Amino acid sequence: MDAYTIRQLDDDNAILLVFHPSYRVWEDSPQSELKALYAALPEPYHFIVDFSERNLTLEDMLQIATAATRMEGALLKSPKVDRVFVVTQNDIMQAAARGLNAPIFGSFSVEVYGTLDEVLEALRDGAVKLRKAS
């Protein structure tokens, strides 16, 4: 099984990244695939990161957060990333995801949901809309 899966959800204007149980933070990076996908998009998309299959340590979460927000060319700084949603039921991972709102990580607005279905329902019901104009 792959360490992660990336899918484009056109009906929801979203890119979905699912981390699988075999995912290793230090060895498996979806960053280049995600950058290429976002670069090819004609408009901003939501970014959904699903950790429901894989719990991470706080150190792992900090590594991912740093790569996604602070490194040169960080994905979350892309104008094509509109909103970020994190899916997890793990309390520590929820707190870490909300920590992306902190200035040190760039004050990104991250919404946390317990299930992917909850995120997709919010998108489909119109509770969450794209903020950035194309």
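We did not get these values from a lab; they are worked out from the coordinates using the rules stated. Quantities reported herein were computed from a predicted structural model and do not represent experimental measurements. Using ideal geometry, Cβ is built from the backbone for each residue, glycine included, and neighbour counts are taken over all protein chains shown.
Things worth noting here:
- Gap separating the Cα centres of segment 42-62 and segment 63-134, nearest whole Å: 8
- Taking the DSSP beta bridges with both ends in segment 4-124, the antiparallel portion is around 30 percent.
- Dipole axis of the chain (+1 Lys, Arg; -1 Asp, Glu on Cβ), positive-most option in Pro21, Pro79, Thr115: Pro79
- Cα gyration tensor, segment 4-124 - rounded (a/c under 1.5), prolate or oblate: rounded
- GNM top mover of Val84, Val25, Val112 - the chain, alpha-carbon springs below 10 Å: Val25
- A full extension of the chain between Lys77 and Arg24 corresponds to an added length of 16.7 nm, given 0.36 nm per residue minus the alpha carbon distance.
- For Gln31 and Thr115, the FRET efficiency from 1/(1 + (r/R0)^6), where r spans their Cβ atoms and R0 equals 30 Å, is about 0.75.
- Extending 7 Å from Cα along the Cβ direction at Asp125 and again at Asp10 yields two label points whose distance is 2.7 nm.
- Rounded to whole numbers, the Karplus 3J(HN,Hα) couplings from phi for segment 81-92 are 8, 8, 10, 10, 10, 10, 10, 6, 9, 7, 4, 5 Hz, using 6.51 cos²θ - 1.76 cosθ + 1.60 with θ = phi - 60°, and x at Gly and Pro.
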